[in-house]
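Q: This is the structure I want to talk about, given as C-alpha cells.
The values are calculated or read from the model by the stated rules, or taken from the named source; none is laboratory data. Worth saying up front: this structure is predicted, and the values here are computed from it rather than measured. Note that each Cβ is placed from the backbone with ideal geometry, even for glycine, and that neighbours are counted across all protein chains shown. We work out accessible area using only protein heavy atoms, side chains counted, and drop any ligands, DNA or RNA first. Shrake-Rupley method; radii C 1.70, N 1.55, O 1.52, S 1.80 Å.
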Number of protein chains: 4
Amino acid sequence: MSFNTFGRLLRVTTWGESHGPAIGCVVDGVPPRIALSEADIQPYLDKRRPGQSRYTTQRQEADQVKILSGVFEGQTTGTPIALMIENTDQRSRDYSDIKDQYRPGHADLTYDKKYGIRDYRGGGRSSARETAMRVAAGAIARKILPAGIRIQAGLVQMGPHMVDPANVDFAHTGDNPFFCPDPKAAKAWGPYLDAARKDGNSFGGIVTVEAHGVPAGWGAPIYAKLDADLAGALMSINAAKGVEIGDGMGTGGLTGVDNADEMVPGNAGDIQFLSNHAGGILGGISSGQPIVARVAIKPTSSILTPRRSVTSGGEAVEVVTKGRHDPCVAIRGVPVVEAVTALVLADHYLMHRAQCGE
Amino acid sequence: MSFNTFGRLLRVTTWGESHGPAIGCVVDGVPPRIALSEADIQPYLDKRRPGQSRYTTQRQEADQVKILSGVFEGQTTGTPIALMIENTDQRSRDYSDIKDQYRPGHADLTYDKKYGIRDYRGGGRSSARETAMRVAAGAIARKILPAGIRIQAGLVQMGPHMVDPANVDFAHTGDNPFFCPDPKAAKAWGPYLDAARKDGNSFGGIVTVEAHGVPAGWGAPIYAKLDADLAGALMSINAAKGVEIGDGMGTGGLTGVDNADEMVPGNAGDIQFLSNHAGGILGGISSGQPIVARVAIKPTSSILTPRRSVTSGGEAVEVVTKGRHDPCVAIRGVPVVEAVTALVLADHYLMHRAQCGE
Amino acid sequence: MSFNTFGRLLRVTTWGESHGPAIGCVVDGVPPRIALSEADIQPYLDKRRPGQSRYTTQRQEADQVKILSGVFEGQTTGTPIALMIENTDQRSRDYSDIKDQYRPGHADLTYDKKYGIRDYRGGGRSSARETAMRVAAGAIARKILPAGIRIQAGLVQMGPHMVDPANVDFAHTGDNPFFCPDPKAAKAWGPYLDAARKDGNSFGGIVTVEAHGVPAGWGAPIYAKLDADLAGALMSINAAKGVEIGDGMGTGGLTGVDNADEMVPGNAGDIQFLSNHAGGILGGISSGQPIVARVAIKPTSSILTPRRSVTSGGEAVEVVTKGRHDPCVAIRGVPVVEAVTALVLADHYLMHRAQCGE
Amino acid sequence: MSFNTFGRLLRVTTWGESHGPAIGCVVDGVPPRIALSEADIQPYLDKRRPGQSRYTTQRQEADQVKILSGVFEGQTTGTPIALMIENTDQRSRDYSDIKDQYRPGHADLTYDKKYGIRDYRGGGRSSARETAMRVAAGAIARKILPAGIRIQAGLVQMGPHMVDPANVDFAHTGDNPFFCPDPKAAKAWGPYLDAARKDGNSFGGIVTVEAHGVPAGWGAPIYAKLDADLAGALMSINAAKGVEIGDGMGTGGLTGVDNADEMVPGNAGDIQFLSNHAGGILGGISSGQPIVARVAIKPTSSILTPRRSVTSGGEAVEVVTKGRHDPCVAIRGVPVVEAVTALVLADHYLMHRAQCGE
C-alpha cells in the first residue's frame, strides 16, 4: 500500500519525481469562497526554493506553481485544487554511476527491496523535491485557518551549534540565509557551514515551530490527537528523525512538580498559564497556549567524503555523492515544517468544526 | 471529529472510560486461521496491569480480557474481534473535589473547552486505562507478524537517572519492577522513586523499543512512512511528548560523515551495516536493520504537591491530586510502547503484502 | 481487508456473530452534549426485533441494548459510544447438518473460499443479526440530525404484490405487521405470506425510504456523493440486490423532457419543484426536495423446499433449511433501511459542516 | 468535506473542471513493475471520447493522456501515477446566459446552495468530463488485475427500447456506435435517437456490465462488501440513478425457491451453478460466477425543449440548453461503467491479498 495522501478532511495528495516532467498535488476539502491565486502560494515556494544562497543546493528551479483547478474567478469553489510545478532543471547528466549504488542514508536500498525497481535519477520519489508541494499546499492551509493564527518556524540548531533559547526571536528568521531566529548566532553559522562543505561534509539541524493564536479545543482523542497527528506529519518530512512537543524528550527527565504548567485566573476571565512545558497540547487537544514543536533533521546524506557501501549486485563500493546538494537540508526544511504544521492545524480546524460546530 | 480508530488495514477501535462499566476494542482486518484465545492476550495485559509492585498505581484491576467475536473453535475467522475488560475497581469515591478543577498537565481543561462536558471520574476517556486495549490488540498484532520478529522495550531513563547504553540487555527487563534493561541501574531506581513519591512528586521517563527481524521493504512513501506511522502512533500514547527514530533528536547535531550508516557485503550475499543511526528506516521503509525508537513519557501529573490552577468557573484553586497514581507512568508505558510498535508493524506487513504481494 | 466500519465522520464499527455471546458496535464522532439513553435506542430495536408477529422469525431475542461508554450524566461526551446486545436465544441445537453444506443464496461458500474457515452457527457474521447494531446506531444518528428531518420507510412490494404508489401513506406503517404504508394492501399480504410459508417458500420485497426536511447542500462531488454513499450503504444491507434514487432504474426509459424536474419560484422566495424524478439529489448534493430511495431485498434463502447444492467436500446434497426464519426478510429490513439512511444523512451533515460551516 | 478520492488501497484522486486548462488524476497504490505507457490507456479514452459519431456530443477533444509520474523505463514504480489531459476545445463562448440559471436536472442549484459559488462553464466540476479520468485510471486497474479477468459492458436499453436478453453478445459492442451488445437492436436505435434529438429531446439508458474470471473470495463483510462498493462506485457516475446486482430490483418480486442459485458438483472438483440470480456475489464476496451489474443512466438534462426553472435571483425563467450535448449520455457511459468496475475489482484484489495472502 502506497499512500501519498495527507490529512483527514483537508487532504493533500502529492505526486512526482525529482527528474520527471513535473511534480504536483491535489488539495481536496478546501472550504469554498476563499480568495486564492498563485500569488498566495508562490512566496512560500520562493522561501523553500533552492539556489538562493550558497548555503543551499545550486539546482536552479523557478518552482513556478500553476493552479489547474478548483479556483474560479479568484475564489476557491470547494472542489479539488490541483497544483503543478514543472521541473525545469533536470540536468540530463549521466546517472549510471549511482544507478546501482546504495548511497548510505538514502532510500536507494529500501526502495529497491520494496519495489524491485526505482527511479534513481535524483532520488526519484524520495527526493526532498516532493516537499515543494507540501509548501504549496501549506500556503492554502494558512488561508483556511481563522485569522489570528500565526505559524513560525526557525532553525535553532545547525550541527553542534545551538541557538540560546533566550535569544530566539522569530522576527529575525528572514534576515539571514538560515531562517535562524537569532541573528547573532546566524552570523557565526556561515563560516561553520562553509567549512563543513569544503570538508566534503554536511550538518544536521533542529527546527522549532510555534503556532500562536490556536484556540483551545482543537484535536481529538485517541488516535487523532493533535500532537500525534503533528508528530506523524513532521516525521514524514524527508530526513526527519525526531519530533518533540513542548519539552519533548526532556520531559523524561523532569519531575511532576517541575513539569506542571500552573494556571491562574487571567484578567479577562480567561486562564493564564505560568509555563508551557506541554507545548500547548493536553490530552491531544489544544489548550490555547502556543503550540510548540521541534523536529530534528539529519545531515544531508549526499556528501563528497567517500563512504563504504554495496551495489545492487552485492559488490563493495565507495560512494562519493557529487552533484548539487544542500550542505544542511534542515535550512530549507524550515518552510516545510511551517507548511506541514499549517496543514495539520487546518485539518484539525475542520475536524473540530465537523464534530462540535462553530 | 473524534477518532478512536488506529491503523490502516489492521484497524483497532477502542472505547471506554476509566470509571464506566467496561473498556473494550474491536480489532478488524485480522487474517483468518490464526490460533487465538484469551491466553494469548492476558500475559501482556498482566505486564501492564496496575497494582503489581509498589511502584505503580494501587488500583486493583484483574484486567481479565474476554473475546466476544471473531474467533471460532480457537481460530480467527477474519471477522472483527471484539475484546472487553470489565472495570471492577471503579472506587465509588466522591469526585466532587476535582469535578470543577482543571488539574495541571491533565486533559480536564481541554476536554471541557472542546466538548463542553467531560466525564471527570478518573480522567474519563483520557485515562491511561485506555492503553490496556492497545496492549490487548498488540498481542493479536504479534500473532499476525511473521515468525522471527521480536519486539522488546525497556525503560532506559527514569527522571534524571539514565541507563548506560552499553549496559542495555532486554533480557533483563523482566527481572525488575521497572522493565529496566540494566539490572544494576534498576536496583538504584527503587529508592529514587520511593523518595519522589514520599515527596509528593513523580518522574518522567524514556522508553526504548527495538524490533528485530523486520525484513527490508516494509513502509511506504510519502504519508504512510513506517517512521511517520510509528511516530504518530507512539505520540498518541498518553503522556508521550517526544519520539525518536534511531539517533533521533541527536541527528540534528551530527555531521553527514558521522551519520552515514556504511554498508559492506555480508557473507551470505546480504548487506552488513556498520552502524544504525537511522534506526532501521530509510526513506520511510525498513532497511532490514533493527528498528529502534524512543519515546519520552512526561511525569505523572497527579501529584500530592499542591499546584496552582483554576476552576471551570474561573476561580483560583490549589490542586492536590490524591488517589492511586503511578509515581512514574513511563514504567507501565513499556508494554504499551511494545504493543503499539507491534500494531504499526503488523499494519505495515499487511500493507506491504497488499501492494507488493508475498 | 476486512472492513466493518461505516461512515466518514460519524463512524460505526460493528462486531459479533449470530451465535456468539453478544453483538455490538462503537459509534465514534458523535457531537457532544446530546441527550442520550438506552430509551432513545430501544424503540427502534423493538421495531426490528424478531418474534413480534407470525410473519417474522420466531427466534426470541429481547435485544436489550446497553450503553457502555461515551455517555455521562445522560449526555454524549464526544467520545466513542459502545453499544452491546447480549445474545440470549442462541439455541444450542446441533449445527452439524449444515456445517459442511453450502446453502444456496447464503454466504457459506464465499466465506469458506475467502477465509478457509467460517462460523456456521446461524450464519455467523453474515447473519442479518448484525443489522440490529445498525438500527441502534441509526437511533443515535437521528439525534444528531437537525430537528425537522423525518426519515420514514415502508415495504411497498412483497414478492409479486405491489402497493399502488397513490395509496402510500407512511403514517400507516405502524398499523400492520409488514411496515406497509398502504393499510388495504397490508390486509391482503397476511394470507399471501402464510401461503408462501406453508409452501416452504419465501418472498422478496422492496423497501422505499423518504427523508423529508433535508436542506439543500448536503453531499459532495465526486466520490462522496450523497446518492453514491446512500447506494453503497443500502446495498451493504444483508440480502439487498438493488438500489434506486428517485425514479431509479426507470430513468433509463425516460426522455429528457419527461425527466426534467421543473422549478418555479415559491411564495417565500424559495424554489418549488414540480416533480421529483431525481429523488432529491442532483450532482450528488441534496436539492431540498425529499430524498427518495428504494431497496430491493431478495427472498429469504433459508426455505424448507429442498434445493440442490454441494458440500465443502464437493459432494452433491439437497439442502432443506429448517429453523426459525423470516418468510420475508424485507419486512424487518424496513427499520434497517431507515437506520442506514439516518446514518448516511448524519454523516453528510457533519461533512457539510466541516467544509462549509454552519 | 469534499471527497474526490476513490478506493481503499488502489486510490484514484481526480481533479479538474470542464473548462479549466486540464483535468487529471493521481493513481496511488499501484503495484510495482507493471508495464505501462500511454498506449495502454489511450484506447479506452478513445472509446469514451466525444465527437466520434453523430450520436454523441460534437465537442472535439483529443483527450490525449500524459503520464507525469510513477512510471520509469516503461514500468510502474509503486509510487503515485499522475495522469493529465489538457482541455483543448473549451469554446470561449459566452456563458452569461446560463450563469444565473438553474438548469433542471443539473447540479447548478445544488452546487450554489452548497458552496455559494460555482464554475458554471460547461458544468464545471459536475461535468461528465470528469469521467475521462475514471476511464484512464480504469485502464491501469485492468493491468493490475490477474490475467483472465474480462470486464465488458454494453448498452442494453436506450429510452424505451430494450435489448432482448437472449440476444446479448458483448462481442458486438464494438460494431455499433451505441456499444449495444445486440447488433440487430443497434440498427434500430439510430433512427430513434435521431428523432429524439430533432425533437429537442434525449434518452436515458441502462448499461449492463459483466466481469468474468473473478475468483471466489474477493470482497468483505460488512461495509466493504464487493456489491456495496460496486453500488457506491457505479452510483457515483454522473447521471446514474439506479444500480442492480444480479437480478437487482427484480429480486423483490421473486420467491425463495425461484431465487436460489442451485449448485451441483462440477467435473473438475469445482462447483457448477445452475443460475446466477445473485450476480456472482454472496454475502458481499465473489462466488466465482460472473459478476453482473446494471446501471441506469438518466436522460441528458441538456435539451433544446424549453423547461421551466428559476434563476439564482429567484426569477422564473425558461431554460433551453443549447450547445454540444450527448442525446443519450448512457452511450458514453459504457466505457465509464467498465472502468469503474475494473477499479473496484482491482481494489478488492489488493484488499483480499492484504488480509488473506495469495
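Q: Restricting attention to the stretch A:239-266, report how many residues are outside any helix (DSSP H, G or I), closer than 23 Å to B:Pro306 by Cβ and more than 7 Å from every other protein chain (Cβ to nearest Cβ).
A: Narrowing the stretch A:239-266 to residues outside any helix (DSSP H, G or I): A:239-247, A:254-255, A:260-266.
From the residues that got through so far, the ones that are closer than 23 Å to B:Pro306 by Cβ too are A:246-247, A:254-255, A:260-266.
Remaining after also requiring more than 7 Å from every other protein chain (Cβ to nearest Cβ): A:266.
Qualifying residue count, the stretch A:239-266: 1.
Q: Of the conditions (1) within 10 Å of chain B (Cβ to nearest Cβ); (2) open to solvent by less than 20 Å² (accessible area, probe 1.4 Å), A:Gly138 clears all except one; give me its number.
A: Exception for A:Gly138: condition (1).
Q: Is it the case that A:Arg129 is facing another protein chain (nearest Cβ under 10 Å), open to solvent by less than 20 Å² (accessible area, probe 1.4 Å), touching a helix residue (DSSP H, G or I) at 6+ places or on another chain (Cβ under 9 Å) and touching a residue at least 12 places away in the same chain (Cβ under 8 Å)? Steps first, please.
A: Details: facing another protein chain (nearest Cβ under 10 Å): no; open to solvent by less than 20 Å² (accessible area, probe 1.4 Å): yes; touching a helix residue (DSSP H, G or I) at 6+ places or on another chain (Cβ under 9 Å): yes; touching a residue at least 12 places away in the same chain (Cβ under 8 Å): yes.
When the stated conditions are applied, A:Arg129 does not pass them.
Q: Let me ask something else. Residues in the stretch C:267-274: is at least one in contact with a strand residue (DSSP E or B) (Cβ under 8 Å, 6 or more places away or on another chain), open to solvent by less than 10 Å² (accessible area, probe 1.4 Å) and either over 23 Å from C:Val156 (Cα atoms) or at the interface with chain D (Cβ under 7 Å from one of its Cβ atoms) (or both)?
A: Let us first name the residues in the stretch C:267-274 that are in contact with a strand residue (DSSP E or B) (Cβ under 8 Å, 6 or more places away or on another chain), namely C:271-274.
Now drop any that are not open to solvent by less than 10 Å² (accessible area, probe 1.4 Å), which leaves none.
Checked against the condition, which is being in contact with a strand residue (DSSP E or B) (Cβ under 8 Å, 6 or more places away or on another chain), open to solvent by less than 10 Å² (accessible area, probe 1.4 Å) and either over 23 Å from C:Val156 (Cα atoms) or at the interface with chain D (Cβ under 7 Å from one of its Cβ atoms) (or both), the stretch C:267-274 yields no hits at all.
Q: Could I ask something else about it? Return the only residue of B:Ala316, B:Ala330 being crowded, with 22+ Cβ neighbours inside 10 Å and modelled with pLDDT of 95 or more.
A: Numbers: B:Ala316 fails: crowded, with 22+ Cβ neighbours inside 10 Å.
Residue meeting the stated conditions: B:Ala330.
Q: Need pairs with beta-carbon distance below 8 Å; first residue in contact (Cβ under 8 Å) with a residue 12 or more places away in the chain and more than 25 Å from D:Pro50 (Cβ to Cβ) and within the stretch D:164-179, second in a helix (DSSP H, G or I) and open to solvent by 70 Å² or more (accessible area, probe 1.4 Å); sequence gap 6+ or separate chains.
A: Every condition considered, the pairs that remain are D:Asn167/D:Lys184.
Q: If you go through the stretch A:107-122, how many residues are touching a residue at least 12 places away in the same chain (Cβ under 8 Å), open to solvent by less than 10 Å² (accessible area, probe 1.4 Å) and out of contact with any Phe, Trp or Tyr (no Cβ under 8 Å at 6 or more places or on another chain)? Don't jump to the end; show me each part of the working.
A: Taking the stretch A:107-122 as the starting set, the residues that turn out to be touching a residue at least 12 places away in the same chain (Cβ under 8 Å) are A:107-108, A:111-112, A:119-122.
With open to solvent by less than 10 Å² (accessible area, probe 1.4 Å) added as a condition, the list becomes A:107-108.
Checking which are out of contact with any Phe, Trp or Tyr (no Cβ under 8 Å at 6 or more places or on another chain) leaves us with A:107.
Number satisfying all stated conditions: 1.
Q: Ok, one more. Quick test for you: out of C:Ile85, C:Ile117, pick the one residue that is modelled with pLDDT of 95 or more, of a type in the set (Val, Ile, Thr) and under 15 Å from C:Met133 (Cα atoms).
A: On the way: C:Ile117 fails: under 15 Å from C:Met133 (Cα atoms).
C:Ile85 is the lone residue from the list that is modelled with pLDDT of 95 or more, of a type in the set (Val, Ile, Thr) and under 15 Å from C:Met133 (Cα atoms).
Q: Can you tell me which of (1) under 23 Å from B:His19 (Cβ atoms); (2) open to solvent by 10 Å² or more (accessible area, probe 1.4 Å); (3) touching a strand residue (DSSP E or B) at 6+ places or on another chain (Cβ under 8 Å) is the one B:Gly323 doesn't meet?
A: With (1) under 23 Å from B:His19 (Cβ atoms); (2) open to solvent by 10 Å² or more (accessible area, probe 1.4 Å); (3) touching a strand residue (DSSP E or B) at 6+ places or on another chain (Cβ under 8 Å) applied to B:Gly323, the lone miss is (3).
Conditions (1) among the charged types (D, E, K, R); (2) in contact with a Gly (Cβ under 9 Å, 6 or more places away or on another chain); (3) surrounded by 15 or more Cβ atoms within 10 Å (Cβ to Cβ); (4) more than 30 Å from B:Lys114 (Cβ to Cβ), marked per residue:
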position: A:Gln152; (1), (2), (3), (4): no, no, yes, no
position: A:Ala171; (1), (2), (3), (4): no, no, no, yes
position: A:Gly174; (1), (2), (3), (4): no, no, no, yes
position: A:Cys180; (1), (2), (3), (4): no, yes, yes, yes
position: A:Ala186; (1), (2), (3), (4): no, no, yes, yes
position: A:Arg197; (1), (2), (3), (4): yes, no, yes, yes
position: A:Val214; (1), (2), (3), (4): no, yes, yes, no
position: A:Ala228; (1), (2), (3), (4): no, yes, yes, no
position: A:Gly232; (1), (2), (3), (4): no, yes, yes, no
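Q: Right, something else. Within the stretch B:1-43, count every residue that is within 13 Å of chain A (Cβ to nearest Cβ), open to solvent by 20 Å² or more (accessible area, probe 1.4 Å) and more than 25 Å from D:Ala220 (Cα to Cα).
A: Summing the residues that are within 13 Å of chain A (Cβ to nearest Cβ), open to solvent by 20 Å² or more (accessible area, probe 1.4 Å) and more than 25 Å from D:Ala220 (Cα to Cα) in the stretch B:1-43 gives 0.
Q: I would also like to ask the following. Just to be sure before I move on: is A:Thr341 farther than 23 Å from C:Pro80 by Cα, part of a helix (DSSP H, G or I) and among the hydroxyl-bearing types (Ser, Thr, Tyr) in the structure I sent?
A: Values: farther than 23 Å from C:Pro80 by Cα: yes; part of a helix (DSSP H, G or I): yes; among the hydroxyl-bearing types (Ser, Thr, Tyr): yes.
So A:Thr341 fits the description; yes.
Q: Could you check the stretch D:58-67 and list, in sequence order, the residues that are in a loop (DSSP other than H, G, I, E, B) and either at pLDDT 90 or above or open to solvent by 10 Å² or more (accessible area, probe 1.4 Å) (or both)?
A: Initial filter on the stretch D:58-67 (in a loop (DSSP other than H, G, I, E, B)): D:58-64.
Selection gives D:Gln58, D:Arg59, D:Gln60, D:Ala62, D:Asp63, D:Gln64.
Q: Something else about it: What is the residue count in the stretch C:275-313 for residues that are crowded, with 21+ Cβ neighbours inside 10 Å and more than 9 Å from chain D (Cβ to nearest Cβ)?
A: 5
Q: Output the number of the condition that A:Val317 fails; it satisfies all remaining conditions of (1) in a strand (DSSP E or B); (2) under 18 Å from the mean Cα position of the chain (by Cα).
A: (2)
Q: Restricting to the stretch D:305-342, what's the tally of residues that are in contact with a Lys or Arg (Cβ under 7 Å, 6 or more places away or on another chain) and touching a residue at least 60 places away in the same chain (Cβ under 8 Å)?
A: Number of matching residues: 12.
Q: Oh, and also: Please indicate, with yes or no, whether at least one residue in the stretch D:131-138 is in contact with a strand residue (DSSP E or B) (Cβ under 8 Å, 6 or more places away or on another chain), of a type in the set (Gly, Ala, Ser) and assigned to a loop (DSSP other than H, G, I, E, B).
A: The first filter runs over the stretch D:131-138 and keeps only residues in contact with a strand residue (DSSP E or B) (Cβ under 8 Å, 6 or more places away or on another chain), leaving D:132-134, D:136-137.
Next, only the ones that are of a type in the set (Gly, Ala, Ser) stay: D:132, D:136-137.
Now restrict to residues that are assigned to a loop (DSSP other than H, G, I, E, B): none.
No: zero hits.
Q: Do we find a residue being hydrophobic (A, V, I, L, M, F, W, C) and either open to solvent by less than 10 Å² (accessible area, probe 1.4 Å) or within 28 Å of B:Ala278 (Cα to Cα) (or both) anywhere in the stretch A:246-256? Even if it seems obvious, please write down each step before you answer.
A: Let us first name the residues in the stretch A:246-256 that are hydrophobic (A, V, I, L, M, F, W, C), namely A:249, A:254.
So of that shortlist, the ones also either open to solvent by less than 10 Å² (accessible area, probe 1.4 Å) or within 28 Å of B:Ala278 (Cα to Cα) (or both) come out as A:249, A:254.
Yes, that holds for at least one residue.
Q: Restricting to the stretch A:71-86, give me the number of residues that are in contact (Cβ under 8 Å) with a residue 12 or more places away in the chain and surrounded by fewer than 21 Cβ atoms within 10 Å (Cβ to Cβ).
A: Counting residues in the stretch A:71-86 that are in contact (Cβ under 8 Å) with a residue 12 or more places away in the chain and surrounded by fewer than 21 Cβ atoms within 10 Å (Cβ to Cβ) gives 3.
Q: For the stretch A:197-221: of the residues being at pLDDT below 95 and either assigned to a strand (DSSP E or B) or facing another protein chain (nearest Cβ under 7 Å) (or both), which is farthest from the chain's Cα centre (by Cα)?
A: Filtering first and then ranking leaves A:Pro221.
Q: Is it true that some residue in the stretch A:346-356 is over 30 Å from B:Lys198 (Cα atoms), basic (Lys, Arg), surrounded by fewer than 17 Cβ atoms within 10 Å (Cβ to Cβ) and without any contact (Cβ under 8 Å) to a residue 60 or more places away in the chain?
A: Our first condition is that a residue be over 30 Å from B:Lys198 (Cα atoms); within the stretch A:346-356, this holds for A:346-356.
Those still in the list that are basic (Lys, Arg) too: A:353.
From what is left, the residues that are surrounded by fewer than 17 Cβ atoms within 10 Å (Cβ to Cβ) are none.
No; the residues of the stretch A:346-356 include none that is over 30 Å from B:Lys198 (Cα atoms), basic (Lys, Arg), surrounded by fewer than 17 Cβ atoms within 10 Å (Cβ to Cβ) and without any contact (Cβ under 8 Å) to a residue 60 or more places away in the chain.
Q: Moving on. So which of B:Lys241, B:Lys225 ends up being charged (D, E, K, R) and within 30 Å of B:Gly323 (Cβ to Cβ)? Spell out the reasoning first.
A: Values: B:Lys225 fails: within 30 Å of B:Gly323 (Cβ to Cβ).
The conditions single out B:Lys241.
Q: Shifting gears a bit: Among the residues of the stretch D:154-169 satisfying the criterion of being of a type in the set (Val, Ile, Thr) and within 14 Å of chain C (Cβ to nearest Cβ), which is surrounded by the most Cβ atoms within 10 Å (Cβ to Cβ)? Spell out how you get there, then give the answer.
A: Step one: of the stretch D:154-169, the residues of a type in the set (Val, Ile, Thr) are D:156, D:163, D:168.
With the extra rule that they be within 14 Å of chain C (Cβ to nearest Cβ), the set shrinks to D:156, D:163.
Numbers: D:Val156: 25, D:Val163: 22.
The extreme case among them is D:Val156.
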